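Asks: Just dropping this structure here.
The values are calculated or read from the model by the stated rules, or taken from the named source; none is laboratory data. Quick caveat, the model's predicted, so the values are computed rather than measured. All Cβ positions, even for glycine, are placed from backbone atoms using ideal geometry, and neighbour counts span all protein chains on display. The protein model used for the area step is the full one, side chains on, heavy atoms only, and it has no ligands, DNA or RNA in it. Shrake-Rupley method; radii C 1.70, N 1.55, O 1.52, S 1.80 Å.
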Amino acid sequence: MWSSPFISAPASVSQIMLRVIFAMVPGIAMYVWFFGPAILVSITLASITALATEALMLKLRNRPLKPFLTDNSALLTGWLLALSIPALAPWWLVVVGTAFGIAVAKHLYGGLGNNPFNPAMVGYAVLIISFPAHMTHWLTPHGLEGIVLSFPDQLNYIFHGILPASTTLDALTTATPLDTLKTQLHLGLPVNEIRDMPIYGHLAGKGTEMVAIGFGLGGLYMLYARIISWHTPVIYLGTLFAIAGLFHLVDPASYVAPTFHWFSGAAMLGAFFIFTDPVGGPTTIKGRVIYSAGAALLTWLIRSYGGFPDGVAFAALLMNICVPLIDTWTQPKVFGRKGDGK
Amino acid sequence: MTFQEIKDIFYNAVWKQNPGIVQLLGLCPLLAVSSTVVNGVSLGLATTLVMTVSSGTIAPIRNYIPNEIRIPVFILIIAVLVTVVQYLMNAYMYGLFIVLGIFIPLIVTNCIVLARVEAFASRNAALPSALDGMAMGLGLTAVLGVLGAMREVIGKGTLFSGIDLALGDGAKSWVLHVIPDYHGFLIAILPPGAFIGLGLLIAAHNWFNLRAAARRKAATTESAASASVAA
Amino acid sequence: MKRIARSTLQTAANLIFFALIATAVLSSTYYLTRDTIAQSVERAKLKLVMQIAPAELFDNDIMRDKLDIPASELLGTTDTTTAYRARLKGEPSAVVLEAIAPDGYGGNISLILAVRASGELAGVRVVSHKETPGLGDYIELPKGPWIKGFDGKSRAAYKDADWKVKKDGGQFDYMAGATITPRAVVKAVHKALIYFDENRDRLFAETAEEPEGLK
Amino acid sequence: MRTLYRFHGGIHPEEHKLESSEAPARRAPLPKKLILPLHQHIGNGAKVAVQVGDKVLKGQMLASAQGMISAAIHAPTSGSVTAIAQHPVPHPSGLDGLCIHLESDGEDRWIERAALDFRAMPKPELLDRLRDAGIVGLGGATFPTHVKYGLPSGQRIDTLVINGAECEPWITTDDRLMREHADGIVRGIEVLRHLSGAGEVLVGIEDNKPQAITAMRAACAGSDIEVVAVPTLYPSGGEKQLIRILTGKEVPSGGRPTNIGVACNNVATAYAIHRFVDHGEPMISRLVTVTGNVRTPMNVEVLIGTPLTEVVECAEALPGTTGYILGGPMMGLEVDDLHLPAVKSTNCIIAKSAQLFPPPPPAMPCIRCTRCAQVCPADLQPQELHWFSKAKNFGKTQEYHLFDCIECGACAYVCPSHIPLVQYFRFAKSEIWQREHEQQAAEIARERHEFRMFRQEREKQEKAERLAQKEKAAQAAKPAVATPLPVAAAANADPDDTLQMRVDADIARANMQLRIDAAAARAKEQAAAAQPKNIDALTPQQQAEIAEIEARRAKLREIASDAGADDEPPKQI
Amino acid sequence: MISALWVMIGISLVLGAVLGYSAIRFKVEGNPLVEKIDAVLPQTQCGQCGYPGCKPYAEAIAKGEADINLCPPGGEEGIHKLAELLGVEFKPFGEGKGPRAKAVAFIDENTCIGCTLCLQACPVDAIVGAAKQMHTIVASECTGCELCVEPCPVDCISMQAIPEDISTWKWPYPVFAIAPVRNNPQKAEAS
C-alpha cells in the first residue's frame, strides 16, 4: 500500500551531491595550476578515508551500505575538508580530520541529514585546534621566491614526512595571505604597506585569489543548475562586503578592503559550498538570510579580531548552532492564515 | 544493614543512577577537571569525602532541621565541609590545589551533593546515608577517572601525569607514557574533548544496558522455549 | 499575624544556631591549617625560583631577601613586582625578576628570569600565557625545550641586533608557523637584560628600604 | 485581460493528457450488475430507501440524504435490488462499505422526468431538489453541492468560480466535457449563478486546453461569464489555489470559499446540474478517463456503480499492467484489483506499468534541501511536518499547520530523497483525528464517572432518609420494591435513581437468587459447551433469533440513551 | 573570627526571617498538578493501575507514590505524556502489563440473569437494565475497562474487539524503505 503521488521528479540526493562535487572542479583546477598537484593527493586521501569511514559507521549502525555510500555525501565532505587544509599536510592529518568529521560529526548524530554541524567544518576545526602547527604550512604559490617541490618529493613529504635535504619546510610554505595580514597588522604595519608584500596579488593573495574565483565560477554553475538558491551566497558575500567596506572606509590603514575578504581564505568556498549545505542550514528563506548575514558577520569578526586567521569554518559551526532557533523564528505565513500563524 | 542493602546502594550509585553519566549531575567539574586521570580522581575523591560526611552528618540530625530552612542548612553544612577540604588541600596538596583551583569550592554547588542529601540522607539513617554518599561520590570518581584516562591517553599519550602533585615528588616516575612519541591530539584535552568523551561514555552505558536487557529477554524466552520443549 | 511573626523569629533563630556551629567548625579548621598553608605557598614559590636559580647559586634565604620593583616599561610590568636576590657567602650572585612580554599572539606572556651578577641569564620560565595551544605554547617548559635556549645567554655574548628570532635575522630558534610568540619572548628577555644592566647596582643593594630609588 | 495572481510553489509534472483527450467520449456498455456504495460523498452516508427485491427504475432514488451534509443515491439503470450488503469500495483502506447491489434488467427504463423551472422556485426548495438529485461536486472532493449554497444569513457570494483547470496529469474528463458539452455546462452555470446570486462568474481553465477554452468562450458568448485561461501549473485546479489565481483572495485556513464571498464548482458539476434541471436526470453517470497502459486511452461515460473491470475493458488494458490508479497520479489511490464500483468521485483510471510508473526508489533520509517547501501551494514547511509526523510528535505537526495541507503531492513529487511525505501527513492526520475522538470519549467518560459518584453520594443520603422512614412505616414500602419494573417504566422516572434504589434494596435477595441462577446458568452453559460451537454456518432460525435479539437490544439502547439524556450534565460531542 | 561570626549571624537572621515568613504567607493549598495529570489519563476508570479510578491514580502520581507506567489504556503514549508533564524519564510497561486492543463489553443475553452486579461495577453507567431484566451495554459509552466482566456470576460478559471499518481506519505509518539490515540483532545473536 503506497500513498500518492505515484510519479516523482527526476532528482536524487546522489545526483545533487555529485553536481556539487562537479562544481568544485574549476576551483581545484586553479589550485593545481598555482600550487601544484599536491592537493589532488589530499583529495584522493580524503575521498578514500571518507568512504571507508562511512562504510564502517554504516556497518556499526546496522544500515545498508549501498544507498548511503552512493549518495556521494561522504565524498563531498572529504573534498571540502581536503580543500580547507594545507595541501602539503601529512597524510595522517587528512585521515584524522576526515574520519572525525564523518564518524563523530555525521554518524554519531544520526548520519545523512541529521548532522547539525557541517562534518567537513567539524573536521577542520578539530584539526586546527589539535594540530595548529601543521595547519599553518600552506604552500607558496608558484612564481614566488622559494622552492617548488617536485610531485614525488611532495608525495614523499606527505607520506613519510621527509623533505629533500636541500630545503626546509619554512622555505616551501608560507602563512596564508590572511594570516600574514593579521601578523603584520599586529606588528603595527599599515594595510597598504602589507599589501605591497610579494605574496599579495591584485585582489588578495597571489594564487589564492584565482582559486577563490574558480570556486565562484563553480558556484555560479550551481546557481544556474538550481542546486542552491541565490539567497545564501548573495547575502553572505553582500554582508561581508558591507561590513568590511564600512570599516575599510573609516580606517583604511587597519582594515583591509572588502574585495580582499571576498577573494582570500575560504570566503568563496563558504559562500557557495559550505553555507549552502542544506543539512546544517536553515530551511526558510528568511532564515537563510539571517544565517548568511550572521555567518558573514562572524567571518569578518573572527578574521579581524579572533585567534585564528580565517573565520569561515567557525562561522559555519557557530551559525549551525543557531539554526533551530532561526527556523522557529522565521516560519513563513501559511496559505489562508494571517501573518501571526493564527 | 544487610549485605544486600549495601550492594544495592553501591549498584545504584555506581551504575544505575551514576551521577556522572546517568543523572548528569555535577557536569561542571566533570567537564572541567577531567583532562587527566589524576585531576579527575582527585576532585572525585574530594567530592566523595564531602558527600560521605555531609550525608552522614545530615542523616542523624534530619529530624531536628525545620522544613523551612532545610535547604539553607544543607547548603551550610556542605559549604563548611567543602571549605574544610579546601583548607586541607591547600595545606597538604598545594600543587593539586592550584591545578584544581576554583573547582574545589565549586563542589558546594555540585548538584549531586545536595541531591543525595535531599533525596537520600534526609530520609534514611546515618550509616546508609553515609554509604550512599560515599558510593555516589565513588561513582562520580569512577566516571571522572575513566573520562580523564580517555582524554589523557588520546590527548597526550600518557596516564597518571601530574601524580606527583597529589602524592609528592616521589611518585613522578609513576607516569606512564602509553604512546611514546605521540603527536598529541589536543582536542581531547581541550573542553570539546570533555563533551565528546562524556557523550561516548553515556552512549557506552546505554549500550551496555540495552544489551543486558536484550540478553535477559532472550534468556527468558529461551528458557520458556526449552521448558515447552521439555514439556 | 502573630503566627507569622512567631514563625519568622523561630526560623531565624534556628538558622542562627546552625550558622554558629558552622562558623565554629570553619574557624577552627582555619586556625589549624593556617601555618601549613603559608608554608606550602612559600615552598611552591621557592620551587619555581629554584628552577632558574639553581641551589648552588645561593646560600641565603632567597625568599626573604626581596626587593619591590615599581612598574617599568623595560620589564613590561604595570604593577609593582618583587625581585629576589641570591647571594653566595654574602656576595650577590643573581637576581630573579618578573617580566611581561606584551605582544604575544594571545596577549601578555608572563616570564620569570634569573640574571647572574655577571649579566648572564641563569634561566627563563614562562609563568602564564594565552598562546594558541599546540602552536605557540612550545615556549612553556614541559611542551618544549625552547625556553632553555636562553640559559647562559647575555648581552655581552650577543649584540643587541642578535636578540631576534632567526627569521628576523637574529640568533634565536623558532618553530615554523609560529614566530610571533618567540619573537615576543626574545624581545621581552632582551629588554629585561637592559633593565638589569641599567639598574644593576640598585638591584643588588644591601638594603631594600628604598625601592623608589629604582627608575 | 484579467489580472491573474500567483499561488506559492507548484510543479510541472509531465502532462500525459494528449493520450486520452483527442477522442470523443464514448458510452460504456450497460453493466449487468451495479454496486452502489451508500457513502459516495463527504458527510453522512445515505439512508437506504428500498428493500431487497424491489424493482426500481432508472433514476429512482435508492437512498436518501441523511442529515445536513449528505446526498441521495439513485438507480443508474432499471432493475432489481438484489442485496444491501458489504462490498469493497474505492477507499485507501481497501475495506468494505455498505452498498446497494442492483441487477440490471437491460431495459434501462427511466422514471418520469421533467425539467425544472428553477427561477420560479424558492431557493431552499431548489437546494432540496439538488440534494435529492444526489448532486455532489465532481471535482474530486464530492462535497454535496446544495450545502455550498445554503448560506447562513449575512453571508453573500460576489464571485462564482467555475473550475475547469483540471491540473492533474493524465485526466481529461473536464477537457472532453467542455469541448463536447460547453452549452450544457453554461446552462448549469446559470443555475449556480441563480443560486449564489453572484455578480461575477469566472471559468478558470488551464492554458494547456486551448480547444476547451475556445468551446467555452463560444458557449459563453453574449453572456457576462468570463472564461479565463490560467497558466498550467499543478495544483492550480485546487479550489483554494484557483480562487487565489482568479481573484487574489485567500480562503481562510479551516474556512470555505463562501467566507470570502466566493463559491466554486467544477464544470462537471455544472453539467450535472444542467442534466438535472433541464432533463430531470439525477446524478447517475459521469465521465471517466481510462488511460495509461491501455490500447485506446479514452474518456467513457460510466454509470455510477459500474464495476471498474468493465470500465477498463472499454480501453483494453495492455499486458505489463501492474495495477491501477484511481484518480490522478498525484492524488489518486492505488488499487490492485478492480472489483470496485465506479463512484461519483471516480474521474480517472490509469493502468500502471513499470515503464510509465517506475516503482519509487528507496526513501533516503531528509537532507533539509527544502525543495518541498519551495513547491508547497499552501506555503507549508513539509520538511518540518515530515520530521514531526515521523517522530509522532502530533502536537508539533498541528503547530506547523498540518491541517492546511491539501495533500496535493507536490512535495513528495520533488523530494530528492523520495520520502513518501503525503503518506506521513495522512498518517499524522488520521492519528490526530483518532486522538481527538478518544479525547472526547475520555471527557464524556469522566463526566459520566463524576456524575455517577455524585449520584451514589446522593443515593446514600436518600437511602439513609428512606431507612428512617421505613422504620416508621415498616412493611408499606416492601411490595413496591419487590416488584421489578420494566426498564422503560423506570426510565420515565429518574431512571438511574430508581434503578439504583431498587438495586440496593434488591441486593440481598438477589444475591440469594443469584447463586441459584448462576448454578442453573452454568449448567446450561456446560451443556452448550458440550455441543460443537458453530457460528460460521448458522441456520436461518438461528439467524432470525439473533436478528430478534439485536432488534430488542437496539430498542433498549434507544431507551437507554433517551433516558440518559435527561440527567446527564450538558456535554459537547 | 568575630567579624565572620557577625556576618554569619546577620545572614542567618535575614534568611531565616524571610523563609519563616514565606513558609506561612505563601503556603499553597491543593495541588493543581493532579488536575493536569488527570487530564492526561484516559478516564476509563478501569482501576488497572491499582487505584479506584483515574483521579485517585492522578493524586497518587502527584504525591510520588505511584509510577507513571501503570495505566494500560493510556498506552505508551500516555506514559510519554506523563513523563513529559512530570519531567521524569519514560518508563515502559512492566512484563505483560501493556495495553490490550480496544474492545467493548458485550452481554450474552441468553445467559444474563439480570443480577445487576455489572451495573454497579460499571464506572461510567454504560450498562442499562434492572433487576431480573436482561442488561445491555451502551457500546458508545463503554470505555472497555472490563470491570463488569469479573462480577458477573454467570460469565455472560465478554470483551469484543472493535473491528476496523472505513470510519475508524487510519493511514499506516510509512515503512521506511531503508530498514536496518537485521531487524533484531539481539534476537539473531541469541539464536
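Asks: Determine whether region D:91-111 contains at least one residue that is open to solvent by less than 20 Å² (accessible area, probe 1.4 Å), not assigned by TED's automatic domain parsing to the domain that holds D:ARG286 and not hydrophobic (A, V, I, L, M, F, W, C). Let's see the steps before the verdict.
Replies: Start the filter on region D:91-111 by keeping residues that are open to solvent by less than 20 Å² (accessible area, probe 1.4 Å), which leaves D:97, D:99-102.
Keeping just the survivors that are not assigned by TED's automatic domain parsing to the domain that holds D:ARG286 gives D:97, D:99-102.
From the residues that got through so far, the ones that are not hydrophobic (A, V, I, L, M, F, W, C) too are D:97, D:101.
Within region D:91-111, one or more residues are open to solvent by less than 20 Å² (accessible area, probe 1.4 Å), not assigned by TED's automatic domain parsing to the domain that holds D:ARG286 and not hydrophobic (A, V, I, L, M, F, W, C).
Asks: With the structure loaded, tell me whether D:GLU22 is free of Cβ contacts under 8 Å to residues at least 12 places away in the same chain, within 25 Å of D:VAL288 (Cα to Cα) and surrounded by fewer than 17 Cβ atoms within 10 Å (Cβ to Cβ) or whether it fails that test.
Replies: Numbers: free of Cβ contacts under 8 Å to residues at least 12 places away in the same chain: yes; within 25 Å of D:VAL288 (Cα to Cα): yes; surrounded by fewer than 17 Cβ atoms within 10 Å (Cβ to Cβ): yes.
In short, yes.
Asks: Among the strands (runs of 3 or more DSSP E) lying completely within region C:23-129, list those that include at least 1 residues that are at pLDDT below 85 and under 21 Å from C:VAL165 (Cα atoms).
Replies: The qualifying strands (runs of 3 or more DSSP E) are C:91-104, C:107-116.
Asks: Condition test on E:ILE24, is it within 29 Å of B:LEU24 (Cα to Cα) and assigned to a helix (DSSP H, G or I)?
Replies: Answer is no for this residue.
Asks: A further question on this structure: Can you tell me which residue in region C:150-163 is modelled with the highest pLDDT, limited to those that are over 20 Å from C:MET50 (Cβ atoms) and assigned to a helix (DSSP H, G or I)?
Replies: This residue is C:ASP162.
Asks: For region D:36-46, check the following and say yes or no: at least one residue is among the β-branched types (Val, Ile, Thr) and at pLDDT below 90.
Replies: Going through region D:36-46, the residues among the β-branched types (Val, Ile, Thr) turn out to be D:42.
Of the ones still in play, those that are also at pLDDT below 90 are D:42.
Yes.
Asks: Which one is farthest from the other protein chains (Cβ to nearest Cβ), of the residues in region D:326-350 that are open to solvent by 30 Å² or more (accessible area, probe 1.4 Å) and part of a loop (DSSP other than H, G, I, E, B)?
Replies: The qualifying residue farthest from the other protein chains (Cβ to nearest Cβ) is D:HIS339.
Asks: Taking only region D:358-376 into account, find how many residues are part of a loop (DSSP other than H, G, I, E, B) and either more than 26 Å from the chain's Cα centre (by Cα) or at the interface with chain A (Cβ under 7 Å from one of its Cβ atoms) (or both).
Replies: Filtering region D:358-376 for residues part of a loop (DSSP other than H, G, I, E, B) gives D:358-370, D:376.
So of that shortlist, the ones also either more than 26 Å from the chain's Cα centre (by Cα) or at the interface with chain A (Cβ under 7 Å from one of its Cβ atoms) (or both) come out as D:358-370.
Qualifying residue count, region D:358-376: 13.
Asks: Next up: Check every one of the helices (runs of 4 or more DSSP H) wholly within region B:124-231 and list those with 1 or more residues that are more than 14 Å from every other protein chain (Cβ to nearest Cβ) and among the hydrophobic types (A, V, I, L, M, F, W, C).
Replies: The qualifying helices (runs of 4 or more DSSP H) are B:126-156, B:163-167, B:191-230.
Asks: Also, quick follow-up: Tell me which residues, restricted to region D:160-215, are assigned to a helix (DSSP H, G or I) and charged (D, E, K, R).
Replies: Once the filter is applied, which keeps residues that are assigned to a helix (DSSP H, G or I) and charged (D, E, K, R), region D:160-215 yields D:ASP174, D:ASP175, D:ARG176, D:ARG179, D:GLU180, D:ASP183, D:ARG187, D:GLU190, D:ARG193.
Asks: Can you name the residue in region C:191-214 that is small (Gly, Ala, Ser) and at pLDDT 50 or above and, of all such residues, is most open to solvent (accessible area, probe 1.4 Å)? Before you say what the answer is, go through the steps one by one.
Replies: Going through region C:191-214, the residues small (Gly, Ala, Ser) turn out to be C:192, C:205, C:208, C:213.
Applying the additional criterion that residues be at pLDDT 50 or above yields C:192, C:205.
On the way: C:ALA192: 0, C:ALA205: 36 Å².
The residue in question is C:ALA205.
Asks: Which one is farthest from the other protein chains (Cβ to nearest Cβ) among residues in region A:159-195 that are under 13 Å from A:VAL256 (Cβ atoms) and of a type in the set (Asp, Glu)?
Replies: Going through the qualifying residues, I end up with A:GLU193.
Asks: Do we find that E:GLU95 is open to solvent by 20 Å² or more (accessible area, probe 1.4 Å), free of Cβ contacts under 8 Å to residues at least 12 places away in the same chain and in a loop (DSSP other than H, G, I, E, B) in this structure? Quick ask: steps written out before the conclusion?
Replies: Values: open to solvent by 20 Å² or more (accessible area, probe 1.4 Å): yes; free of Cβ contacts under 8 Å to residues at least 12 places away in the same chain: yes; in a loop (DSSP other than H, G, I, E, B): yes.
In short, yes.
Asks: Here's a follow-up. Here is a list: A:LYS59, A:LYS66, A:LYS106. Which entry is among the charged types (D, E, K, R) and crowded, with 23+ Cβ neighbours inside 10 Å?
Replies: Among A:LYS59, A:LYS66, A:LYS106, only A:LYS106 is among the charged types (D, E, K, R) and crowded, with 23+ Cβ neighbours inside 10 Å.
Asks: Just for region A:109-152: of the residues that are more than 14 Å from chain C (Cβ to nearest Cβ) and of a type in the set (Phe, Trp, Tyr), which one is most open to solvent (accessible area, probe 1.4 Å)?
Replies: A:TYR109
Here's the yes/no breakdown for (1) among the β-branched types (Val, Ile, Thr); (2) more than 7 Å from chain E (Cβ to nearest Cβ); (3) farther than 30 Å from C:LEU111 by Cα:
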site	(1), (2), (3)
C:LEU15	no, no, yes
C:THR29	yes, yes, yes
C:THR36	yes, yes, no
C:ARG43	no, yes, no
C:LEU48	no, yes, no
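Asks: Within region A:31-56, can you find the residues that are surrounded by 17 or more Cβ atoms within 10 Å (Cβ to Cβ) and within 14 Å of another protein chain (Cβ to nearest Cβ)?
Replies: A:GLU54
Asks: In addition: Among the residues of region D:86-137, what is the count of those that are assigned to a strand (DSSP E or B) and of a type in the set (Val, Ile, Thr)?
Replies: Count: 2.
Asks: I need a count of the residues in region D:168-207 that are touching a Cys at 6+ places or on another chain (Cβ under 9 Å) and open to solvent by 20 Å² or more (accessible area, probe 1.4 Å).
Replies: The total comes to 1.
Asks: Quick check on D:ALA229: is it in a strand (DSSP E or B), open to solvent by 10 Å² or more (accessible area, probe 1.4 Å) and not charged (D, E, K, R)?
Replies: Yes: the conditions hold for D:ALA229.
Asks: Does C:ASN14 count as in contact with a Pro (Cβ under 9 Å, 6 or more places away or on another chain) and free of Cβ contacts under 8 Å to residues at least 40 places away in the same chain?
Replies: yes
Asks: Follow-up question, since we're still on this one. Of all residues in region D:290-318 being part of a loop (DSSP other than H, G, I, E, B) and at positive phi, which is nearest to the chain's Cα centre (by Cα)?
Replies: D:GLY305
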